[in-house]
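These notes concern the structure reproduced below.
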Ligand SMILES: O=C(O)CCC(=O)C(=O)O
């Protein structure tokens, strides 16, 4: 889907753009079935793919009633053609190309699974904290709901315009159960936070400096999404030699 000038200026102004019903249900179903197959051990993970357990399950605070209830995310979808098909989905790539240009690389890709019964919060953070590539404007995240994402089930929350704040200091929040590698921004007032409720197929494009995170799943349902971060061909890797 080629973005129109209004959508492009919305992205630049607010640091995000919500595209409703971008990915069709048939595709979402395929990603979801594949996710189940990996988590349930029906197929082996290819190299580079990792299934991460939720910290509460790892620490024994919660007993997962099935493998699906114990998984926080699958990362590294690139070597599985069926899940990697998401990052080359024509509608998504065309939308992202409207902002980053035609030469795109996948930096990271994940399926985020937020089961009922675990804390599962994702602290408010900026994705650039995790990337060495620069400039920030040449990187973009895409996050598509596979299952409905409601406030009650821990949908994404964002602070509009925060992509203009530069890279903020991050720290490990003082939470009893914090999933591995999760950091949160320090000293930020979350009062302007907006919750982005999404239907399956809805897709959020967001700038890597946009402050965002997600809350606890207080519902009886899973919240699940597939995500990729793109980098434009014209980005640079800092010389670390
Ligand atoms: O899915 C979530 O709960 C958080 C995702 C996120 O923070 C990200 O994609 O950077």
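Residues that are modelled with pLDDT of 95 or more and part of a helix (DSSP H, G or I): does region 45-56 have at least one?
No, that holds for no residue.
Are any residues in region 131-180 free of Cβ contacts under 8 Å to residues at least 12 places away in the same chain and either surrounded by 22 or more Cβ atoms within 10 Å (Cβ to Cβ) or within 11 Å of the ligand (Cβ to nearest atom) (or both), and if so, which ones?
none
Across region 207-230, which residue is farthest from the ligand (Cβ to nearest atom) among those that are part of a loop (DSSP other than H, G, I, E, B) and closer than 12 Å to residue 154 by Cα?
Among those that are part of a loop (DSSP other than H, G, I, E, B) and closer than 12 Å to residue 154 by Cα, it is 220.
If you go through region 10-35, how many residues are touching a helix residue (DSSP H, G or I) at 6+ places or on another chain (Cβ under 7 Å) and not in a loop (DSSP other than H, G, I, E, B)?
Total satisfying the criteria: 6.
Within region 199-206, does at least one residue satisfy the condition of being surrounded by 16 or more Cβ atoms within 10 Å (Cβ to Cβ), over 19 Å from residue 232 (Cβ atoms) and within 11 Å of the ligand (Cβ to nearest atom)?
Scanning region 199-206 turns up no residue that is surrounded by 16 or more Cβ atoms within 10 Å (Cβ to Cβ), over 19 Å from residue 232 (Cβ atoms) and within 11 Å of the ligand (Cβ to nearest atom).
Considering only region 128-144, state which residues are assigned to a helix (DSSP H, G or I), under 21 Å from residue 97 (Cα atoms) and in contact with a strand residue (DSSP E or B) (Cβ under 6 Å, 6 or more places away or on another chain).
138
Would it be correct to say that residue 94 is without any contact (Cβ under 8 Å) to a residue 40 or more places away in the chain and in a helix (DSSP H, G or I)?
no
So that you can scan it fast, the table gives a plain yes or no per residue for (1) within 16 Å of the ligand (Cβ to nearest atom); (2) surrounded by fewer than 18 Cβ atoms within 10 Å (Cβ to Cβ):
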residue: 40; (1), (2): no, yes
residue: 56; (1), (2): yes, no
residue: 59; (1), (2): no, yes
residue: 74; (1), (2): yes, no
residue: 80; (1), (2): no, no
residue: 87; (1), (2): yes, no
residue: 106; (1), (2): yes, yes
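The values are calculated or read from the model by the stated rules, or taken from the named source; none is laboratory data. All of these numbers come straight from a predicted model, not from anything done at the bench. Neighbour counts are summed over all protein chains in view; Cβ atoms, including those assigned to glycine, are modelled from backbone coordinates with ideal geometry.
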